[in-house]
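Notes follow the structure.
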Amino acid sequence: QVQLVESGGGLVQAGGSLRLSCAASGRTISSYAMGWFRQAPGKERSFVARISLGGALIRYADVVKGRFTISRDNAKKTVTLQMNSLKPEDTAVYYCAAKGGSGSDSYASYDYWGQGTQVTVSS
């Protein structure tokens, strides 16, 4: 079992930055691919970024590529999403998720989820 807790969300103006953190407890996260997803009101949960067990493989959704950076520290059991050049359309609840084995862009593939953190970008 892995428990995930996100933090770092908030209100920011367009063009600003936020750094989201995901802290894991329970089992080590080194056995899990980690991902970030987001869900805006009335929309389906969508893939943002993911990182492989050791951090060598990283993938981003096209809409955030070049602006967001995902990283992980297995020793500290944390995953971070640095978000720069934020846009109003980035407004959503952001979720951290863990998946055994290789990563996936599909939220249905993930085994453990945090409670989410709200990110609001004003224009």
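Quick notes on this structure:
- For the range 35-61, a tally of residues being among the hydrophobic types (A, V, I, L, M, F, W, C) and open to solvent by 50 Å² or more (accessible area, probe 1.4 Å) returns 4.
- Qualifying residue in the range 17-27 (condition: open to solvent by 20 Å² or more (accessible area, probe 1.4 Å) and over 17 Å from V79 (Cβ atoms)): yes
- Restricted to the range 45-56, and to residues there that are hydrophobic (A, V, I, L, M, F, W, C) and under 15 Å from G100 (Cβ atoms), the residue that is modelled with the highest pLDDT is I51.
- The set of residues from the range 17-45 being touching a residue at least 40 places away in the same chain (Cβ under 8 Å), more than 18 Å from S71 (Cβ to Cβ) and part of a strand (DSSP E or B) comprises S25, Q39.
- Selection status of V64, open to solvent by less than 60 Å² (accessible area, probe 1.4 Å), out of contact with any His (no Cβ under 8 Å at 6 or more places or on another chain) and assigned to a loop (DSSP other than H, G, I, E, B): yes
- Checking I70 against (1) in contact (Cβ under 8 Å) with a residue 40 or more places away in the chain; (2) in a strand (DSSP E or B); (3) open to solvent by less than 40 Å² (accessible area, probe 1.4 Å), the condition it does not meet: (1)
Here's the yes/no breakdown for (1) of a type outside the set (S, T, N, Q); (2) over 13 Å from the mean Cα position of the chain (by Cα):
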position: S21; (1), (2): no, no
position: W36; (1), (2): yes, no
position: S46; (1), (2): no, no
position: G55; (1), (2): yes, yes
position: V63; (1), (2): yes, yes
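- From the list S71, S123, the one residue that fits, being of a type outside the set (D, E, K, R) and touching a helix residue (DSSP H, G or I) at 6+ places or on another chain (Cβ under 7 Å), is S123.
The values are calculated or read from the model by the stated rules, or taken from the named source; none is laboratory data. For clarity, every value in this text was computed on a predicted model and none was experimentally measured. With ideal geometry, Cβ positions are generated from the backbone for all residues, glycine too; neighbour counts draw on all protein chains shown. Quick note on the areas: whole protein, heavy atoms, side chains included, nothing else; ligands and nucleic acids left out. Shrake-Rupley method; radii C 1.70, N 1.55, O 1.52, S 1.80 Å.
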